[in-house]
Amino acid sequence: MTLVEIVFPAQLWHQLRNQQIPGWETEWVTRPENENFAFVLAGASSTADRVRLLAREIVPALPADLLRQSPGGITPRPEFVAATLSRCRKEGWHLIETHSHPFDEGPTTTFSSLDWAVDRRKMPPVARLLPHTQLHVTMVMGRRSLDAHYYDHATGAINPASRVEVLGVDGKDWKPRRLIPTTSPESPDGHGEVASQYHRQERLLGRAGQQILGRTTVAIIGLGGLGSFAAIQLAHLGIGKLLLIDPDRVEVTNLNRLQGATVEDVGRTKVDVFAELVRRISPLTQVSPVSMSILEDEAQSAAKGADLLLGCVDSHGARLVLNRFAVRHLLPYIDAGTGVRLASSDQSLAVGGQVQVVVPGTGCLACRGSIDASRAAYDLASPEQQKYEREHGYGIEEPAPSVIFLNGVVASLQIAEAIFMLTGVQAGARTTTTLYDALKRRVTPASTSAYSLCLTCGEEGIQGEGDRELDSGSQRSEIVPRRRATDEPHF
């Protein structure tokens, strides 16, 4: 059975909650209000065993769209349903149908016998009106809990959806990732033992937090100086599964900064070296090495199976692709980078790095100005175009300085953000960017907000589109015309 999850950007989630049960956060009222109804149009991010439905737009049912509305039931007009189904067919959206149980404030809201009878009657014909690749989900929302199930085209069965994930921030709320289990399937939270080796960190993260780590899949993109630290730390923390994505092999010149690699590893693929190391540290951690660039379709297909992306890349082209990939597939993304600017006659020595969290509502690396379009265009150009650029003096800079202690500090800041996000441990105020100045021994937090006109994460951007009309070559065609890159380090 396919695992189906539903992912909402925080702003859309709060919009839906307020439409379904106005004032849902207030105390119980004497007379429950009427049920409410809405459609949610969603993209999808699909792997072999999981479908993540990515909420893109809410289509609320207004009074004129309803035949009946009461505290005990609701019926939309056929014209309203037909218009929404038509949009799904024409535009390629999956359909999530949701209604409220405003009278239910318990922890186990679920479908009533009437809801089940209606769904058994209507879901097969609705499925026939949609392409077999498009899912139809129904969801019921109480004041404190929810339930959801979907129709399986192949078997004709109605199967439970596993959970709702709320991703991002809205207003002053700073919880970048929240998991809401559905009522029907048995939730794994609170079950399973925690190995004794994690006892000390369990005192900080809690038993539930440690169990979450054991069920989480993290993709590390880039196994250089930063990625090597990230892989080893996540292994020690007891992460459930690691996807290691990098096309390169270990070289002698890498050994000054690859944590855990030795001279015997020279010539081996980086992903195989660190997969072996992770297994020695944490035999229970599943490791999948992917020895290819994140620009490749197969690497991106693997990354879609992650719950969290860690960007440890050293090129603006890879960073651009990762940023767009994360936003398109509604995957939380934590980017890290380091930089050294050598002293010269007109500038002083600078050593440092940064960690950036990208989730809905915070903006992305593109609208924050963290991607140099000129360098990204060069990185993603064809070999012939790169050769032409080098012959004309572009792209021939000396390799940037790199030292292991700088990578270690910045990678640890990145892993701390990851653990806070995954387990719910949250310290301090809202922070999306952490800047590290090694010379001043200073860590500076900063916050960012979404830019509505951003072509990646803005209102007309690609957020939540998932696999819909995905063009594997689009990363190159959508780069803005190149401007000359500066020599400023990226931190």
Given the condition farther than 20 Å from ASN407 by Cα, surrounded by 15 or more Cβ atoms within 10 Å (Cβ to Cβ) and without any contact (Cβ under 8 Å) to a residue 24 or more places away in the chain, answer yes or no: does some residue in region 246-262 qualify? no
In region 438-484, how many are at pLDDT below 90 and farther than 21 Å from GLY168 by Cα? 17
Within region 263-287, how many residues are out of contact with any Ser or Thr (no Cβ under 9 Å at 6 or more places or on another chain) and not in a loop (DSSP other than H, G, I, E, B)? 7
Only one of ASP314, ASP307, ASP297 is in contact with a strand residue (DSSP E or B) (Cβ under 6 Å, 6 or more places away or on another chain), assigned by TED's automatic domain parsing to the domain that holds ASP246 and among the charged types (D, E, K, R); which? ASP307
Tell me whether region 46-60 contains one or more residues that are farther than 30 Å from LEU167 by Cβ and in contact with a helix residue (DSSP H, G or I) (Cβ under 9 Å, 6 or more places away or on another chain). no
Filter region 36-95 down to residues that are at pLDDT 95 or above, surrounded by fewer than 19 Cβ atoms within 10 Å (Cβ to Cβ), small (Gly, Ala, Ser) and over 17 Å from GLN134 (Cα atoms), then give me how many there are. 1
Please give the strands (runs of 3 or more DSSP E) falling wholly within region 84-179 in which 3 or more residues are among the basic types (Lys, Arg) and in the same structural domain as VAL40 (by TED's automatic domain parsing). none
Confirm whether GLU33 is outside any helix (DSSP H, G or I) and out of contact with any strand residue (DSSP E or B) (no Cβ under 8 Å at 6 or more places or on another chain). yes
Could you run through region 194-207 and say how many residues are on the phi < 0 side of the Ramachandran plot, assigned to a helix (DSSP H, G or I) and in contact (Cβ under 8 Å) with a residue 40 or more places away in the chain? 4
Residue that is surrounded by the most Cβ atoms within 10 Å (Cβ to Cβ), among those in region 294-353 that are among the polar types (S, T, N, Q) and farther than 19 Å from ALA373 by Cβ: THR338
All conditions in (1) without any contact (Cβ under 8 Å) to a residue 24 or more places away in the chain; (2) of a type in the set (Gly, Ala, Ser); (3) under 13 Å from THR423 (Cα atoms) are true of GLY238 except (1)
Could you list all residues from region 137-148 that are within 24 Å of the chain's Cα centre (by Cα) and closer than 18 Å to VAL81 by Cβ? VAL137, THR138, MET139
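The values are calculated or read from the model by the stated rules, or taken from the named source; none is laboratory data. This structure is a prediction, so every number in the text was calculated from the model and none was measured. FYI the Cβ positions are ideal-geometry reconstructions off the backbone, even for glycines, and counts take in every protein chain you see.
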